1. Is it fair to say B:Leu43 is at pLDDT below 90, within 9 Å of chain A (Cβ to nearest Cβ) and surrounded by 18 or more Cβ atoms within 10 Å (Cβ to Cβ)?
2. Limited to the stretch B:115-147, what total is found for residues that are within 21 Å of A:Ala6 (Cα to Cα) and open to solvent by 40 Å² or more (accessible area, probe 1.4 Å)?
3. Looking only at the stretch A:4-25, how many residues end up being crowded, with 24+ Cβ neighbours inside 10 Å, more than 7 Å from every other protein chain (Cβ to nearest Cβ) and free of Cβ contacts under 8 Å to residues at least 12 places away in the same chain?
4. Among the residues of the stretch A:38-50, is any in contact with a Ser or Thr (Cβ under 6 Å, 6 or more places away or on another chain), closer than 24 Å to B:Gly99 by Cα and buried (at least 19 other Cβ atoms within 10 Å of the Cβ)?
5. Considering only residues that are in a helix (DSSP H, G or I) and surrounded by fewer than 19 Cβ atoms within 10 Å (Cβ to Cβ), which ones fall in the stretch B:13-33?
6. Determine whether B:Ala53 is closer than 25 Å to A:Arg52 by Cα, at pLDDT 90 or above and either surrounded by fewer than 16 Cβ atoms within 10 Å (Cβ to Cβ) or under 14 Å from the mean Cα position of the chain (by Cα) (or both).
7. Six or more apart or on different chains, Cβ under 6 Å: which pairs go from a residue in the stretch B:140-153 that's more than 10 Å from chain A (Cβ to nearest Cβ) and farther than 15 Å from A:Val66 by Cα to one that's surrounded by 11 or more Cβ atoms within 10 Å (Cβ to Cβ) and small (Gly, Ala, Ser)? Could you list them?
Amino acid sequence: MTVPGAWYLTLAAFLFVIGAVGLLVRRNVLVMFMCVELMLNAVNLTFVTFARMLDDIGGQVIVFFVLVVAAAEVVVGLGIIVAIFRRRAGATADDISLLKG
Amino acid sequence: MDWAVFIVAAIAILAGAVGVVTSRNPVHAALNLVLTLFGVAVLFVAQQAHFLAVVQVIVYAGAIVVLFLFVIMLLGVDQSENLEVEPLAGQRPAAVGIGIAALAALLLPILFGKWQWLSGQASVVGPAHTGTDPNVNRLAKALFTRYLLPFEATSVLLVIAVVGAVVLARRPLSSERRAETVTEEP
């Protein structure tokens, strides 16, 4: 007996919200980045579930593109983090406050 | 059997996600992230998305998490963070409130059985399950016919990302560094 798609969607909603709350709460930029990955994974799970529920391969193709964009995003984001923290020590987002008035 | 797989994977996913948010050490957060990614890959297999499950393990657990760990080690920021201090008054209650509101907004259409509001109608690309073709064949057919232009665009995106990472991570040339120190001094 297969699990109904609504259960997968509920699980993905919880995963997305955990990632969003973590992004708002944590101050370490690397952990904030990991929370973004959690949210992307929740969306991927939703797409695959909809692909099954609607019997449509388009959902899985979109997940493929999300994976590519996530990989590019991580590469550029970590490059920015390395470039910032080479100049100043401290790993929290509160330390990057140059534009603060 | 399906329920057992789903429940075990769901527990792994949620435990890993909570671990990412609550662990003090970034290395532990990265390892918890691997747990979540494997759980999602298991659920991909449970929904007959075999190719995506393999790509999930290779790209996410194999490349992205290793990149995270590499940067953690490179920067030497693997010291733990004190989570008891709340830097901004009322930040955490506000974050939890936003989270509960988002969860309610996401769950309402699902609980009322109106998930089509979120998904829309089926597209014209092709079926995911009816028929006898394997999953990889269907995905490849869709990717190289209807989605060929976005597929080529992702290759351009990857090239741009590689060039951007190199530009960001390289050490500035000696002449540029002198100019930067001059501008930064006042």
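1. For B:Leu43, the condition - at pLDDT below 90, within 9 Å of chain A (Cβ to nearest Cβ) and surrounded by 18 or more Cβ atoms within 10 Å (Cβ to Cβ) - is not met.
2. Summing the residues that are within 21 Å of A:Ala6 (Cα to Cα) and open to solvent by 40 Å² or more (accessible area, probe 1.4 Å) in the stretch B:115-147 gives 10.
3. Adding up the residues that qualify gives 0.
4. Yes - at least one qualifying residue is present in the stretch A:38-50.
5. B:Leu14, B:Ala15, B:Val18, B:Gly19, B:Thr22, B:Val27, B:His28, B:Leu31
6. Yes: the conditions hold for B:Ala53.
7. Every condition considered, no pair remains.
Here is a yes/no grid of residues against (1) modelled with pLDDT of 90 or more; (2) within 9 Å of another protein chain (Cβ to nearest Cβ):
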site	(1), (2)
B:Ala12	yes, no
B:Ala15	yes, no
B:Val18	yes, yes
B:Asn25	no, no
B:His28	yes, no
B:Leu75	no, yes
B:Gly90	no, no
B:Gln116	no, yes
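The values are calculated or read from the model by the stated rules, or taken from the named source; none is laboratory data. Everything numeric in this text was worked out from a predicted model, so none of it was measured. For neighbour counting, all protein chains shown are included, and Cβ atoms are generated from backbone atoms with ideal geometry for every residue, glycine included. Only protein heavy atoms, including side chains, enter the accessible area calculation; ligands, DNA and RNA are left aside. Shrake-Rupley method; radii C 1.70, N 1.55, O 1.52, S 1.80 Å.
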